[in-house]
């Protein structure tokens, strides 16, 4: 079996942040601008996500466009699912973040107990891929709730929250270069933190000026972000992670 997820490079993180930002603007475009609501939008994006994961697992080799399409599907469904839980069900941002963090940790625990490894290099079987994508979906959903909590409930605003999450990512980078802390733990920590960063940046782009945003068209913002992602996928080196031996 082959590893069908990309090697973790600087380009990977740049595309990941753009994808999570697109997830916010794209999710809001469907649920809010199209007035479909969070539940219907979640159903639509969940179907797309499951279909993308199925295609990813069935693929015989690493396909960069397919991989990133699956990431985008996970972050859009994460946006609307988190909004449905925290707003429509009234769970709230803080309680929603705690609940989703518990689900994320449970997913990682079950994955580790089942296969013994959760690093990218070990994702070379359909079973490992299934755990990987489930964990990613929980992380994307958690990121949305965490981003909303920090920007709204904690009163940091979109730019303030973006600065906090950016600083936390820089701390992880420093830990990576100057310590021997588990690279797997650092990867998943960074993976989770890039989602709320993208969420608050996405909100900054499309929320009303009165709320601290730029009030850009969600459709235009989503289109520009998607175009940027495709261009980066095409011009940046895209290679699969090395398989564990």
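No value in this document is a laboratory result; all are computed from the given coordinates. Nothing here was measured: the structure is a model prediction, and the numbers come from that model. Cβ atoms come from the backbone with ideal geometry, glycine included; neighbour counts cover every protein chain shown.
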Problem - Packing-based exposure ordering (other Cβ within 10 Å, fewest first) of 46, 34, 137 - result: 34, 46, 137
Practice task
Among 195, 183, rank each residue by its count of other Cβ atoms within 10 Å, from fewest to most, as a rough exposure measure.
Solution key: 183, 195
Problem - Crossing angle, helix 10-28 versus the chain [Cα axis fit, 0-90 degrees, rounded to tens] - result: 40 degrees
Exercise for the section: Round to the nearest 10 and give me the degree value, 0 to 90, for the angle of helix 93-115's Cα axis relative to the longest principal axis of the chain. Expected result: 10 degrees
Exercise for the section: Per DSSP H run of n ≥ 4, the term is -39500 (n - 2.57); total these for the chain, divide by its residue number, and report the mean residue ellipticity at 222 nm rounded to 500 deg cm²/dmol. Expected result: -24500 deg cm²/dmol
Fill in the blank from the handout: Extension length gain for residue 114 and residue 7 (0.36 nm per residue less Cα distance), in nm, is 36.2 nm
Practice task
Find how much the distance from residue 179 to residue 55 grows on full extension, using 0.36 nm per residue of separation minus their present alpha carbon separation; answer in nm with one decimal.
Solution key: 40.9 nm
Exercise for the section: Taking only Cα atoms and a 10 Å spring cutoff, compute GNM fluctuations for the chain and point out the largest among 142, 48, 22. Expected result: 48
Problem - Prolate/oblate/rounded label for the range 146-245 (Cα gyration tensor, a/c 1.5) - result: oblate
Practice task
For the chain, find the longest principal axis of its Cα atoms and tell me its angle to the long axis of helix 126-148, 0 to 90°, nearest 10.
Solution key: 30 degrees
Exercise for the section: Identify which of the listed values of Rg and Dmax of the Cα atoms in Å was calculated from the structure shown: [x] 17.9, 55; [y] 17.2, 51; [z] 17.1, 55. Expected result: [z]
Problem - For the chain: relative contact order, % (alpha-carbon pairs under 8 angstrom, 6 or more apart) - result: 33 percent
